[in-house]
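Take a look at the structure below.
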Amino acid sequence: MIAFADRAKAVPHDIVDLAITTERPLDAAVRGIPFIFIPQIAALANAERHGINPDQPNGLVAWVKL
């Protein structure tokens with residue numbers, strides 16, 4: 001689990017794998033969208049660590065042929 005919070009007390013550290021905190025308060029209007037890159041980068045690093053190319057996943061067939 002990845003958590004992003006504006007204060008460390010808000011993060012349940014016993015169940016979180018990666019906790020990222022900031023000193024600036026998070027605005028409700030932009031709370032999640034700007035930080036979507038964090039789990040994407042974590043997933044990419046995990047795929048590379050396992051030798052998986054996320055651009056060529058096994059077992060999937062394209063629905064649209066260009």
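The values are calculated or read from the model by the stated rules, or taken from the named source; none is laboratory data. Small disclaimer: the values here were computed from a predicted structure and weren't measured. Positions of Cβ are backbone-derived with ideal geometry, glycine not excepted, and every protein chain shown enters the neighbour counts. Note: areas computed on protein heavy atoms with side chains; ligands, DNA, RNA excluded. Shrake-Rupley method; radii C 1.70, N 1.55, O 1.52, S 1.80 Å.
Taking the range 50-66 as the range and being open to solvent by less than 100 Å² (accessible area, probe 1.4 Å) and within 22 Å of the chain's Cα centre (by Cα) as the test, the residues that pass are GLY51, ILE52, ASN53, PRO54, PRO57. Checking each residue in the range 14-30 for being surrounded by fewer than 10 Cβ atoms within 10 Å (Cβ to Cβ) and modelled with pLDDT of 80 or more picks out ASP14, ILE15, ASP17.
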